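This report concerns only the one structure given below.
The values are calculated or read from the model by the stated rules, or taken from the named source; none is laboratory data. In this text, all values refer to a predicted model and were calculated from it rather than measured experimentally. Counting neighbours? That spans all protein chains shown, and the Cβs are built from the backbone with ideal geometry, glycine included.
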Amino acid sequence: MAAGTPHPLDPLSADEIRTTATIVRRDHGVDERWRFASIELREPAKEVVRDFSAGDPIRREADVICWNRDDGQAYKALVALDEDRVAAWEHRPGAQPSMTVDEFVECNELLRKDARLVEALGRRGITDMDRVLIDTWAYGAHLLPEPYDDRRLGWADVWYRREHGSSPYANPVTGLHLIIDLNRMELLEIEDTHRVEEPATMGEYVPRLVPGQRLRDDIEPLEITQPEGASFTLDGNELRWQKWSLRVGFNHREGMVIHTVAYEDGGRVRPVAHRLSFAEMVVPYRDPTPEHYRRTAFDIGEWGLGFMTTSLELGCDCLGEIAYLDATLHDTRGEPYTIANAICIHEEDNAVLWKHVDAEHGAETRRQRRLVVSFHVTVANYEYLVYWRFHQDGNIECEVRATGIMVTTHFAEGQQPPYGTLVDERTYAPYHQHFLIARLDLDVDGEANTVVATESEPLPVGPDNPHGLALVQRDTPLRTEREGRQDYDWHRQRAWKVVNPNVRNGLGTPVGYKLVPGACLPSMFDPYSPVVRRAEAIRHTLWVTAFDRDERWPCGEFVVQSREDLGLPVWTTANRSIEDTDIVLWYVFGIHHITRPEEWPVMSVDAVSFWLKPVGFFDRNPALDVPPTPRHCEHEESR
Ligand SMILES: [Cu+2]
């Protein structure tokens, strides 16, 4: 990340990653047959962050997950970097560490030379193995093929590029799947279930490959310039913009993390959130046919948003006056590498903030800006773009955009696909869902918070309500983790306020921030489905838990080949108190993706979002002090 004043929340540097791997290798006989699944900063306790001042000594620790390919055993290590030692070493029998980029690359490189695959593809008329892509996915435990169910396995689709540089996802190889022993890097089985005659499809999106493509020529330049520079400042990973301050973090699994969000209000720096991130993403394909029944991705737990992060390009991904942060990650040997321009920070104009036209005074108008902190990930065929937006009036919006290329399958003449949409000749895109789980460690004016379910209730017609107009707002504090399991309710417009019962605003009511739900979707699973047993977390819109720094992964820490969800459903059986204490909200939202022809051969972004809005956090609109835009909306009397 950027150089600046060192802080205990700074992600591990390349040197720290390398040193961590060296210490583990030295003290625990970790040789070249092992792989490092992850090396990340062990974030300091909240108190350490709260009490830290620039220049204080910083204690650095790293969490490591690694495994021995020879016996398949996984270990978790805690490395105390300042003490040059492994402070904890824990064997995790039965756990499969997350999938790694190295394994994906090696599968593709090694296995496409396998004689059995060459033969199976030859029967389909495919002979140029350089144009074949093997796309490896992780298994759920309930689907592991029996003779190998104690191994680290992958299953793979096979895709084919029509020519070099064209899209592999344009051409699925139908009815051909591979089962791979990832530790031995060995092809165990080829499932050659069926073949269909290749339809004449057009799955290309690069202009030179789209037949007869003429690009539009009626678009004039649209430039964003800030001649005097942007209004934010970046010191290392600390970001300040108008009244907002926050720190930007990054790790292999969550990707970008937003730390210590605060809003300055009348000289007071008021905390809003300690930590905001994405903790899991579950993408079940709702198609039980042989092509797709294994396709249930946990993109965060299996692959990691950090490892999947891609470099951003000025003018394409972000427009205007941009600051970038790089990210430092590592390969499975523990060797660090850098993703340049991994995080984009910029200001955006966002039309009108507030306005009123008065008959005497005339118009008073303020334009709105927002500070956007974003990163993009590519998970094989799909892209996710994550935007955290900070607004001048205290609002925070988190938006996720899904784009990229849908998984498709060819089918034989005379059939109709029951679990997907026709998108090209004899080609369908299966229905699927994207469940995103945001981990929201809010600290509204301090750590002692309570979540209140707030819902509207229309009262029946009666003597006090003769017109049936009366609407009251019912607030129900959630006292235990069992009560903290909440579902969206359209009929009552349910939302959730995170209040600090110990701090009152000028009106005498407790200060709060409201989680305004957006893009809620029901899980739509039979309770007996073995798929949903691995992801019980998606069965509610919101979970609230008592803060525990080690509770990070809502579907469990090890989701590769998992049988059940060892995260939220297990933690919350303790049914801890969540009242007037430090709490974490887990918000489940996403995309119910009923595929469309217009999303082929490349899908325009599908954007979903939720908001965190101040509700009685301020006494009045905190954006009253936003000045008019100079030389344009400046009203004589308003100065
Ligand atoms: Cu989708």
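Hey, any hits in region 396-414 for a residue that's farther than 27 Å from Glu313 by Cβ and in a strand (DSSP E or B)? Yes, region 396-414 contains a residue that is farther than 27 Å from Glu313 by Cβ and in a strand (DSSP E or B). Whenever a residue of region 615-627 is crowded, with 17+ Cβ neighbours inside 10 Å, its partners that are assigned to a loop (DSSP other than H, G, I, E, B) and modelled with pLDDT of 95 or more, lying with C-beta atoms within less than 6 angstrom and at least six residues away or across chains, give the pairs Gly616/Asn505; Gly616/Thr509; Pro622/Asp393; Pro622/Gly394; Ala623/Gln392; Ala623/Asp393; Val626/Gln392.
Selection over region 592-624 of residues that are part of a strand (DSSP E or B) and within 13 Å of the ligand (Cβ to nearest atom) gives a count of 8.
Whether any residue in region 374-389 is in contact with a Cys (Cβ under 8 Å, 6 or more places away or on another chain), within 16 Å of the ligand (Cβ to nearest atom), aliphatic (A, V, I, L, M) and in a strand (DSSP E or B) is what I want to check. Scanning region 374-389 turns up at least one residue that is in contact with a Cys (Cβ under 8 Å, 6 or more places away or on another chain), within 16 Å of the ligand (Cβ to nearest atom), aliphatic (A, V, I, L, M) and in a strand (DSSP E or B). Among the residues of region 445-464, not a single one is touching a Cys at 6+ places or on another chain (Cβ under 8 Å) and either under 30 Å from Arg539 (Cβ atoms) or away from the ligand (no atom under 16 Å from the Cβ) (or both). Selection within region 390-400: residues that are more than 16 Å from the ligand (Cβ to nearest atom) and hydrophobic (A, V, I, L, M, F, W, C). The member of this set that is farthest from Pro622 (Cα to Cα) is Cys398.
For region 531-563, enumerate the residues that are part of a helix (DSSP H, G or I) and out of contact with any strand residue (DSSP E or B) (no Cβ under 9 Å at 6 or more places or on another chain).
Taking region 531-563 first, the residues part of a helix (DSSP H, G or I) are 531-533, 536-539.
Once the filter is applied, which keeps residues that are part of a helix (DSSP H, G or I) and out of contact with any strand residue (DSSP E or B) (no Cβ under 9 Å at 6 or more places or on another chain), region 531-563 yields Arg533, Glu536.
Collect the residues in region 37-65 that are of a type outside the set (Phe, Trp, Tyr) and in a loop (DSSP other than H, G, I, E, B), keeping them in residue-number order. Reasoning before the result, please.
Within region 37-65, the subset of a type outside the set (Phe, Trp, Tyr) is 37-51, 53-65.
Of everything in region 37-65, those that are of a type outside the set (Phe, Trp, Tyr) and in a loop (DSSP other than H, G, I, E, B) turn out to be Arg42, Glu43, Pro44, Ala45, Ser53, Ala54, Gly55, Asp56, Pro57, Ile58, Arg59, Arg60.
Taken over region 401-443, the criterion of being more than 16 Å from the ligand (Cβ to nearest atom) and of a type in the set (D, E, K, R) is satisfied by Glu413, Asp424, Glu425, Arg426, Arg439, Asp441, Asp443.
Suppose the filter is part of a strand (DSSP E or B), within 16 Å of the ligand (Cβ to nearest atom) and not β-branched (Val, Ile, Thr); does Phe589 pass it? Break it down into steps so the answer makes sense when it comes.
Details: part of a strand (DSSP E or B): yes; within 16 Å of the ligand (Cβ to nearest atom): yes; not β-branched (Val, Ile, Thr): yes.
So Phe589 passes the test.
Taking every residue in region 118-137 that is assigned to a strand (DSSP E or B) and pairing it with any residue that is among the small types (Gly, Ala, Ser), at least 6 positions away or on another chain, the pairs with Cβ-Cβ distances below 6 Å are Ile134/Ala156; Asp135/Ala156; Asp135/Ala380; Thr136/Gly154; Thr136/Ala156. Against the numbered list (1) more than 14 Å from the ligand (Cβ to nearest atom); (2) more than 22 Å from Asp265 (Cβ to Cβ), Pro627 comes up short only at (2). For Val472, are the conditions met, namely being on the phi < 0 side of the Ramachandran plot, surrounded by fewer than 13 Cβ atoms within 10 Å (Cβ to Cβ) and more than 16 Å from the ligand (Cβ to nearest atom)? Considered against the rule, which asks whether it is on the phi < 0 side of the Ramachandran plot, surrounded by fewer than 13 Cβ atoms within 10 Å (Cβ to Cβ) and more than 16 Å from the ligand (Cβ to nearest atom), Val472 comes out as yes.
Applying the condition of being in a loop (DSSP other than H, G, I, E, B) and touching a strand residue (DSSP E or B) at 6+ places or on another chain (Cβ under 6 Å) to region 419-434 and asking which residue is surrounded by the fewest Cβ atoms within 10 Å (Cβ to Cβ) yields Tyr419.
Show me the strands (runs of 3 or more DSSP E) entirely contained within region 224-301 in which 2 or more residues are within 16 Å of the ligand (Cβ to nearest atom). Full working, then the answer.
Values: elements: 232-235, 238-241, 244-251, 255-265, 268-284, 296-298.
Of the strands (runs of 3 or more DSSP E) lying wholly inside region 224-301, those with at least 2 residues that are within 16 Å of the ligand (Cβ to nearest atom) span 268-284, 296-298.
Is it the case that some residue within region 385-400 is farther than 19 Å from His346 by Cβ, of a type outside the set (D, E, K, R), buried (at least 19 other Cβ atoms within 10 Å of the Cβ) and touching an Asp or Glu at 6+ places or on another chain (Cβ under 6 Å)? Within region 385-400, not a single residue is farther than 19 Å from His346 by Cβ, of a type outside the set (D, E, K, R), buried (at least 19 other Cβ atoms within 10 Å of the Cβ) and touching an Asp or Glu at 6+ places or on another chain (Cβ under 6 Å).
Going by what's in this entry, would Phe307 be described as touching a helix residue (DSSP H, G or I) at 6+ places or on another chain (Cβ under 7 Å) and either over 20 Å from Glu557 (Cα atoms) or in contact (Cβ under 8 Å) with a residue 12 or more places away in the chain (or both)?
yes
Scanning region 564-584 for residues that are buried (at least 19 other Cβ atoms within 10 Å of the Cβ), in a strand (DSSP E or B) and in contact with a Lys or Arg (Cβ under 8 Å, 6 or more places away or on another chain) yields a single hit, Val584.
In the set (1) under 27 Å from the mean Cα position of the chain (by Cα); (2) modelled with pLDDT under 95, Thr5 fails one condition alone, (1). The residues in region 592-629 that are over 26 Å from Leu276 (Cβ atoms) and touching a Lys or Arg at 6+ places or on another chain (Cβ under 7 Å) can be counted, and the count is 2.
Yes/no per residue for (1) under 19 Å from the mean Cα position of the chain (by Cα); (2) free of Cβ contacts under 8 Å to residues at least 40 places away in the same chain; (3) crowded, with 23+ Cβ neighbours inside 10 Å:
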site: Pro290; (1), (2), (3): no, no, no
site: Ile300; (1), (2), (3): yes, no, yes
site: Ser311; (1), (2), (3): yes, yes, no
site: Cys316; (1), (2), (3): no, yes, no
site: Leu319; (1), (2), (3): no, no, no
site: Ala327; (1), (2), (3): yes, no, yes
site: Thr332; (1), (2), (3): no, no, no
site: Ile343; (1), (2), (3): yes, no, yes
site: His346; (1), (2), (3): no, no, no
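Just one of the numbered conditions (1) assigned to a helix (DSSP H, G or I); (2) at pLDDT 95 or above; (3) away from the ligand (no atom under 16 Å from the Cβ) is not true of Glu637: (2).
Note on region 66-114: residues that are assigned to a strand (DSSP E or B) and either surrounded by 17 or more Cβ atoms within 10 Å (Cβ to Cβ) or of a type outside the set (Phe, Trp, Tyr) (or both) amount to 17.
Restricting attention to region 475-497, which residues are among the aliphatic types (A, V, I, L, M) and part of a strand (DSSP E or B)? Outline the logic, then answer.
Just the residues of region 475-497 that are among the aliphatic types (A, V, I, L, M), to begin with: 478, 495.
Of everything in region 475-497, just one residue is among the aliphatic types (A, V, I, L, M) and part of a strand (DSSP E or B), namely Ala495.
Against the numbered list (1) β-branched (Val, Ile, Thr); (2) part of a loop (DSSP other than H, G, I, E, B); (3) closer than 22 Å to Met129 by Cα, Thr174 comes up short only at (2).
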